[in-house]
Amino acid sequence: MTDSSLVVDLAFWGCAVVAVVFGALVFVVDSMARATYALAVSFVATGGALLLMQQSYLGVIVVLMMVMEMAVMAVYMVMFMGMNPALMPMSMVHSHRTALGASLVTFVVLGSGAVLVPWPERRGAPSPDVTEALGRAIMESHMLVMMAVGPVMVATIVVGVALSTARTRYDRLGDDLDQTPTDPPLRGETQRGGRRRDR
Amino acid sequence: MTVETVLLVASALLSIGLYGALSQQVVVMVMMGLELMIAGVLLALGGLWWFLSPDPSGQVLLLVVLAAMTVEMATGFAIATLLHRRTGTDMTDMAAELHE
Amino acid sequence: MRGRVVTLATARPRVYVVEAPGGRYVRAETHRELDRRGWQPAPSPASADALLIAGTLPDPLRAAADVLWSQLPGPRARAEPTAVSSVPSTLDGLRACLRDRAGQLADRRGRELDEATRWVRSDSARHDETDHDDMDHDDMEMAPGGLVLAQGAPDRDGLEMDALRHPLGPLLDRWPGGLELVTTLHGDVVVEAEVTWWEPPHPTAPPQTGRADDLAGGWDAAATVLSLLGDERQARLARSVAPSSPEVGDRVLRRLDRLTRRGALPRTAGEVLHTALADSVPALISDDELVELVSGRDLGDVRLLVAAHAPLLQGVVDASGSLDD
Amino acid sequence: MTDPLADQLARLPAAALGAVLALGLVLVLAWTASVSRGVAAGRAVPASMAHAPAEAARLLRQGRRTTLSADRLLWRVGGWGLFPVAVLLIALVPVGETALLPGSLGVVWANALDVVVWALVWLLGWGANSVAGLVGGYRFLALALGYELPLMFALVAPAIAASSLDLAVVADAQSSLWYAVWMPVAFVAYLVGVLGFAVSGPLAAPVGSEVSDGALAELSGPDLLVVRAGRHALMGAGAAIAVPLFLGGGSGPWLPDAVWVVLKALLLTGALAWAAGRLPTLRTHQLMEPLWTILLPLVVLQDLVVAVLVVSGS
Amino acid sequence: MIALAVLALLLAAGAFSLRAVGTALAETRSPVLVLPVASGRVPEQHALSRYHVRWYAASVVFLAFDVEMLFMYPWAVVVADLGTGAVVEMFVFLAILLAAVAWARREGAFRWA
C-alpha cells in the first residue's frame, strides 16, 4: 500500500512514544507548569505524527495552536490549582481505581477494534497540494463550515468575557455609559465607575 | 506506520485522557484530560484520512475538531474563573451546588 | 591564554551599586565615575561582578549586605566607599580584586555551595522568638526549602489569589538609601505597603548647600528614573548636567515630557520631576502619602514613582539634611 | 517524505554545510543586533563592536547560580531554547535557490516558531522562583496576546499576494514590486511582532530594568549569555524572515541572490535593533489596548486591501 | 528531515562546548544555591504561587479570535483563484469578530482586572 520507508516508521514510532509518555506524565508530575508543558510536548508529537501522514498543514497548525493554548493554560492551571502550584505534591485524585479501570477497558476495546477490524483499501489519492485543496474545500463545498464557525467564535468571545470578568461596562463607564473609565479601579473605590483617566 | 498502529496510539492517548478526566478533581485538570482525548481523536481522524479516504473534506473535519477544542478551552477557562470567583474554590464536586 | 581572557572579561566589570542610608552623594559620584569609565552598572546581583555599597551601613543592615554578597555568583568583589573622593580608587581596587586569580580561588573554595539554607534557618530562628513558635518550620510539607507557601487573600477583582510580601529596599540599586518599602503583591499589583526608614549612623554633611544641592537632587532623581526606564543614554546625559550647561538640562527635560506624554512614565512621576527640575521646590512627602501614592499600582510603576519622588521623601531629607536652607 | 534512507544520507554533506552556514549567519546577525543596540545606547561603534566579545568572556568566566526551590528543568529549557528557535527560523529562509528547511508552508512554520518563544520566556520567568522573574514572565504573555494576532495577519498578507505559503514562492513573486512598498501596515505589524518575540524596544517590559530585568533577574554566567544571545538572534532571525516576505528575497542588481538576502537581513537587523534601542519601553498595561484596538483592525484592513487588489488582478 | 537532525546535532554540540568552556573558565562545576533576590532580605514566602493574572479576559478573546487564523492560511492560498466571493466571505467573518473585540474592549477585557 504505502511505501512507508524505514525513516518514516522510525519517526512515527518516535512521535507516538513521546506523545503517549508525555500524555501520561501530565497526570503523574506534581508541578502545574510541568503538567501543562508535558501536554504541550505530547501535542507537538501528535502534530509530528500528522506531518508524517502527508498532512503538512494540519501538523503545523496543531503545533502552532497547541503551543499557544498550553502557554495560556499554564497560567490558568497556576491560578486555579488549590495549594501551591509548583511545590506541593498534587494528590487531587478521587476515585482513582474506577478511573483507571474505565480507561483500561476503553483502551482494550478501542485497541482491539483498531487491530481486528479489516480496514478497506484507500480510495482515491491525496491531491498534490493538500493545503490548496483544503482552502478550496472550505470556500466552496464546505462553505457552511466557515459560515458556522464565525458566529460560534463571536459567541465564545461574548460568553468568555461575560462569564469571567467582574467589572462590566456599566461598572466602568457609569450607568448611562458616558463617564471616562478609571482603569484599574482606584483603591478604596467600589467596583462601580471611576472619574479620572488612567493615573 | 499502518492504520492499525496509528489507531492504537490514538486509542492509547484517548484512554489516558479519559483517566485524567475521570480522576481529577480540579476543573482545569479535567480540561487537560479532555484535551488529551481530543488529541487522540485528532490522531485517529488523521490516520483514517491518510489510510482510507484522503479527500479534502476529511481535512475540514479536522479543522472543525481543532476549532471545537479551542472553543472548549476558552469557555472552560471562563467557567473556571466564574467558579473560582463565586465559591473561592473550583473542586468539581463542590461545583455541583452552583445555587448556594 | 587564560590571562588574556581574564583581562578581556574584567575590562568593564558590572558593579551593583547600592545606596546606604545617607550615602546619596557617594552613590551619585559612583554613578558619574562609572559613566566616565564606560562601566555599565549591573541590573541585579545575579549577574554582577562587584557589590558597591555607597555610604556607611548602620548595624541592622549589615546582615542584609551579607545576604546580597552571598547572591553574587562567580568571581566577586566588595567595597564600601564612604567618601566622595575615595570612589575612583575603590573602583580600581574592585577591578584588581576581580583579576586576582588566587584570591578568587580562595573565595570560591571558602564558600559553601548552599548559601540559601543558612540564611533561611537563621531568619526563621529570628521569627521564632517573635511569632508563636508552635508552627513547625522544618517539616517538608508546609515549608519546602524552609520558606513558607504564600497564602490567599481577597482581591479587588473578587478572585481570591495568593498574596506575596515582597520588600523593595533597604539595599536595592537605584533606590533611596535606608528606605524599606514592604509591598503586598496580588500578581504584579501592589495592594498595600509598609514604610520603614533606616537611619544613617551619623547625618552626612552635604558638600553643596542650599539651592544648588536641591537642583542636583532633582537631576539625580531624573537620571535614576531614566535609567529605570532603560534609557541609559539620557540617564548619562542627566547625570552630566551641571549648572554651567543648561541646554543639556533642557534636552533631558524635553525627553522626560515626551516619555510622560507617550505613557512610558506614570503621569504623577513626570509631573513631580518637572516641578522639581523647573522652578519651585515641591512639598515634602510623608510616609503615609507615599503609601497612598503607591497602592493599587504596578510593581514597576512603584519603583519609578519612588525614584521620581526620592528628593522629596521625608526620610531622605532627614538622612542627608540637604533641603534645610 | 517517503524517499528511502539512502537518499536522505546522500544529502548529508549539503545539509551539514547548510547547517553550519545557518549557525554562522545567526551568530553574525546576533552580533549586528548587539552592535547597533550599543550604538543606539550612545556608545561609539568600536566600543559597541568590542562589547559582545568582552561581555561573553565576562559571563563565561562567571559562575552559575540556582535559587531556592527553583524549577531548574523548566528554567534551563526556557533559557537555552531561545537560540535554537532563532537558528530554526533562519533555516527556513531561502538563501540562493532553496532553504535549509524547504517546505510549502514556510510562512506557517515561521509563525509556529515565533509562538514557541511564548512558552520559553514564560518558563524563564517562572523557573527562578523569584518575584521579579514571575512579574517579567507574566508581562511577556500579556504582550504576546497583543502582538501575536497582528503578526499572524501580517504574515498572511504576502501569502495572499503570492497565493502561496512557501517562502521561496513569495520571494519570487515580488520581482516587480517589493511587498514592503505596497503593504506598509503589514510590514510595520510584522516588525512589531519581531520586537515582541525578541523582547526589545517598546515591548521590552518583560525584561524592563524597573523590575530588575524581569525574566532575566536570577540568571548568571553562561545561562545569561545564552539568553542575551538568544534575544539578539531572534531579532536577527525575525529580520531574516522579513527578507523573503516583504523585501523581495534575493532580487537586486549586480550581486547574486544569496548575497542580497544576507545583506538585506544584516541591514534590517541593524536598523531594527537601533530603533529598539532608541524607542522607550512602554508599560504593559498601557500597551494592551492599542495593540488590540488599533494595530489589529489596521492589519485586517491591510489584508482586505491586498485581497481586493489580488482579486481585481492588478 | 536530515537537515533538521544535523541542525539539532550542531546545536547540542554548541551548547555542550559552551558549558564546558564556562566550567573551565569559572573553575567550578556545580552552580551555587542562593536565595532569590529580595533587596538583601530573606524572602518571606515562595514566589511560585497562585499568581493573579490581570489579563485573563484578553486570553479568552485571543483563543476565540485565534481559531479564525486556522481558516485564514488555506484561504490565503486560494483567494486569488476564487475571486470576490471568497474575499467577501472571509472578511464578513473578520468584521463580526472585530465587532466582538470592540465589545470586549468596552467591557474592559484589555484592561488590568
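How would C:1, A:68 line up from fewest to most surrounding beta-carbon atoms within 10 angstrom?
The order, fewest Cβ neighbours first, is C:1, A:68.
Based only on the alpha carbon positions, what is the Kirkwood hydrodynamic radius of chain D, in angstrom? List each step's numbers first, then the result.
Numbers: mean 1/r = 0.0499 Å⁻¹.
Computed over Cα pairs of chain D, the Kirkwood hydrodynamic radius comes out at 20.0 Å.
May I ask for the net charge around residue C:200, where only other residues with Cβ less than 15 Å from the Cβ of residue C:200 are counted and Lys, Arg are +1 while Asp, Glu are -1?
-3
Take D:98, D:66, C:268 and order them by how many other Cβ atoms sit within 10 Å, fewest up front.
Details: D:98 11, D:66 22, C:268 17.
Arranged by neighbour count, lowest to highest, D:98, D:66, C:268 become D:98, C:268, D:66.
With a ≥ b ≥ c the root eigenvalues of the C-alpha gyration tensor of the stretch D:164-314, is it rounded (a/c under 1.5), prolate (a/b larger than b/c) or oblate?
Oblate shape, in that a/c is at least 1.5 and b/c is the bigger or equal ratio.
Can you tell me how the stretch D:90-151 classifies by the Cα gyration tensor, rounded, prolate or oblate, using a/c under 1.5 as the rounded cut?
Values: a/c = 4.30, a/b = 2.39, b/c = 1.80.
Prolate, since a/c reaches 1.5 and a/b exceeds b/c.
At each listed q (0.21 Å⁻¹), what is the log10 of I(q)/I(0) that the Debye formula gives for the stretch A:1-82 modelled as equal alpha-carbon point scatterers?
So the normalised log intensities work out to -0.91.
If I build a Gaussian network model for chain C, linking alpha-carbon pairs within less than 10 angstrom, which residue out of C:273, C:113, C:52 has the largest mean-square fluctuation?
Taking springs between Cα atoms under 10 Å, the residue moving most is C:113.
Within chain C, which complete DSSP H helices have Cα atoms spanning at least 15 Å along the helix axis and a mean Kyte-Doolittle hydropathy of -1.0 or higher?
C:87-99, C:211-228, C:267-278
With the calculation restricted to Cα positions, what are the radius of gyration and Dmax of the stretch C:2-109 in angstrom?
According to the Cα coordinates of the stretch C:2-109, Rg and Dmax are 13.4, 42 Å.
Taking a quarter of the surface of the Cα convex hull of the protein assembly as shown, what do you get in nm²?
Average projection, Cα convex hull of the protein assembly as shown: 43.0 nm².
Calculate how many DSSP beta bridges within the protein assembly as shown are antiparallel, expressed in % of all such bridges and rounded to the nearest 5. Spell out each step's value before the answer.
Details: 21 of 35 bridges.
Given both bridge residues lie in the protein assembly as shown, the antiparallel proportion sits at roughly 60 percent.
Between residue A:176 and residue E:21, what FRET efficiency comes out of the Förster formula 1/(1 + (r/R0)^6) with R0 = 51 Å and r the beta carbon distance, rounded to 0.05?
Numbers: r = 67 Å, r/R0 = 1.32.
That pair, residue E:21 with residue A:176, gives E of 0.15.
Once you've got the GNM for chain D with C-alpha springs shorter than 10 Å, pick whichever of D:221, D:236, D:78 has the biggest mean-square fluctuation.
With Cα springs under 10 Å in chain D, the top fluctuation among D:221, D:236, D:78 is at D:221.
What is the Cα centroid distance between the stretch D:96-114 and the stretch E:89-113, reported in whole angstrom?
Using only Cα atoms to place each centre, the spacing works out to 31 Å.
Report, as a whole number in µm² per second, the diffusion coefficient that Stokes-Einstein gives for the stretch B:1-82 at 10 °C and 1.306 mPa s using the Kirkwood radius over alpha carbon pairs.
For these conditions, the coefficient is 118 µm²/s.
Roughly what angle does helix D:106-127 make with the longest principal axis of chain D, taking Cα atoms, 0 to 90 degrees, to the nearest 10?
Once rounded, one gets 10 degrees.
Among D:302, D:174, D:286, whose mean-square fluctuation peaks in a Gaussian network model of chain D (Cα, cutoff 10 Å)?
D:286
Every number in this text was worked out from the coordinates using simple rules, so none of it is lab data. Here the structure is a predicted model, which is why all the values come from computation and not from measurement. Cβ coordinates were reconstructed from backbone atoms using ideal geometry, including for glycine residues, and neighbour counts include every protein chain displayed.
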